[in-house]
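To keep things clear, I will list the structure first and then write my remarks on it.
Bear in mind these aren't lab numbers, they're just calculated from the coordinates by the rules spelled out. As the structure is a computational prediction, the values presented were derived from the model and not from experiment. Neighbour counts are summed over all protein chains in view; Cβ atoms, including those assigned to glycine, are modelled from backbone coordinates with ideal geometry.
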Amino acid sequence: MTGPIGGAERAFRQAVEHWVAGDVDATVSCWTDDGIYSCFLETTGKPYAGTFQGHDAIKGALQAVLDEIEYVVFRTTTWRTDPIDHNKVEVSVDTIIRHRASGMELGMQYRFVAIMRDGKIAQLEKHLDEPRYKAWIELSDQAGGQQT
């Protein structure tokens with residue numbers, strides 16, 4: 001049985017709702033001014049791979065994601081607030097993404113881990129299958145006529 005949704009989870013859910021709606025500005029407004037976003041895809045060389053700090057850097061990374069892909073499906077499956085640290089929230093996501101230039105699609109699962117502070121995201125990590133994503137993005141870029 002799941003208990004009531006706490007303030008940290010409620011705030012993080014709002015950020016996810018903005019993201020699903022494609023509203024980058026509203027999504028970024030859910031971060032603290034010194035917030036951090038990490039997407040562990042360093043070997044892809046993509047502008048959204050790595051660690052970004054502050055609203056401008058995070059906005060640039062998130063916009064780069066949406067410039068390259070679109071979400072066909074984005075479904076949160078499991079929400080979990082850490083029972084010891086109530087400011088740590090995890091969510092699992094099932095998604096199908098489409099590469100805008102090539103039209104190639106990829107179904108995948110990933111996980112977000114957020115550390116919340118004062119109702120905002122202080123740190124967000126995106127964990128996914130990097131080798132699988134890298135293979136897909138390289139093929140998609142080639143099919144779409146882009147450099148990888």
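Structure above, values below:
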| quantity | calculated |
| --- | --- |
| Per-selection Rg to Rh, region 13-100 - Cα, Kirkwood hydrodynamic radius | 0.96 |
| Pair R10, M108: separation of 7 Å Cα→Cβ label points (nm) | 3.3 |
| Value at 222 nm in deg cm²/dmol, rounded to 500, when DSSP H runs of n ≥ 4 in the chain each add -39,500 (n - 2.57) | -10000 deg cm²/dmol |
| Simple label model, 7 Å out from Cα along Cβ direction - A21 to L66, nm | 1.1 |
| Least to most buried among D141, D34 (fewest other Cβ within 10 Å first) | D34, D141 |
| [x] 80, 36, 31; [y] 99, 60, 26; [z] 47, 35, 25, with the label sought being that of the calculated Cα extents along the principal axes in Å | [z] |
| Leading residue at positive end of dipole, region 25-148 (Cβ point charges), from I96, A64, V28 | I96 |
| FRET efficiency, S92 to S29 (Cβ-Cβ, R0 30 Å, nearest 0.05) | 0.80 |
| Formal net charge of residues neighbouring E42 (Cβ-Cβ distance under 11 Å; K, R +1; D, E -1) | +1 |
| Amide N proximity, region 90-107 versus L139 label position 7 Å along Cα-to-Cβ, cut-off under 16 Å | 96-107 |
| Protection proxy ranking of 74-81, 132-139 - average other beta-carbon atoms within 10 Å, highest first | 132-139, 74-81 |
| Sequence ranges 98-110, 19-31, ranked by mean other-Cβ count within 10 angstrom, highest first | 19-31, 98-110 |
